[in-house]
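Written out below as structure tokens is the structure these notes cover.
The values are calculated or read from the model by the stated rules, or taken from the named source; none is laboratory data. Note that the structure is predicted; figures quoted are calculated from it, not measured. We place every Cβ from the backbone using ideal geometry, glycine too, and count neighbours over all the protein chains shown.
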Amino acid sequence: MVFEKIRDLIAEQLEIDPELIKPETDLMLDLNADSLDAVDVLTQIEDEFGIEIPDEKTEEFNVVANLVKYVEEQIQE
């Protein structure tokens, strides 16, 4: 469920087919997202899930699976 929501947010932001996004997808390398795209995606995820993503963690979230894992951990607390 978390993955699907994140996938849909990324697809909407980057204007791509959600089916292109897998857990192992790298936002920058595989989807050609730039740093502004990444910030926008993270902001939308923060709003969607009611969490805060610390700036120092953002570089860990190029890969979708890392982002999903972090969000799942935050919403379980």
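Is it the case that some residue within segment 67-76 is more than 11 Å from the chain's Cα centre (by Cα), among the β-branched types (Val, Ile, Thr), in a helix (DSSP H, G or I) and modelled with pLDDT under 95? For segment 67-76, residues more than 11 Å from the chain's Cα centre (by Cα), among the β-branched types (Val, Ile, Thr), in a helix (DSSP H, G or I) and modelled with pLDDT under 95: present. Scanning segment 49-66 for residues being touching a helix residue (DSSP H, G or I) at 6+ places or on another chain (Cβ under 7 Å), outside any helix (DSSP H, G or I) and either surrounded by 15 or more Cβ atoms within 10 Å (Cβ to Cβ) or at pLDDT below 95 (or both) gives a total of 2. Note on segment 27-43: among residues that are charged (D, E, K, R) and either surrounded by 13 or more Cβ atoms within 10 Å (Cβ to Cβ) or assigned to a helix (DSSP H, G or I) (or both), the one that is farthest from the chain's Cα centre (by Cα) is Asp30.
Modelled with pLDDT of 95 or more and assigned to a helix (DSSP H, G or I): does that describe Glu46? Yes: the conditions hold for Glu46. Among the residues of segment 1-28, just one is in contact (Cβ under 8 Å) with a residue 24 or more places away in the chain and touching a Lys or Arg at 6+ places or on another chain (Cβ under 8 Å), namely Ile21.
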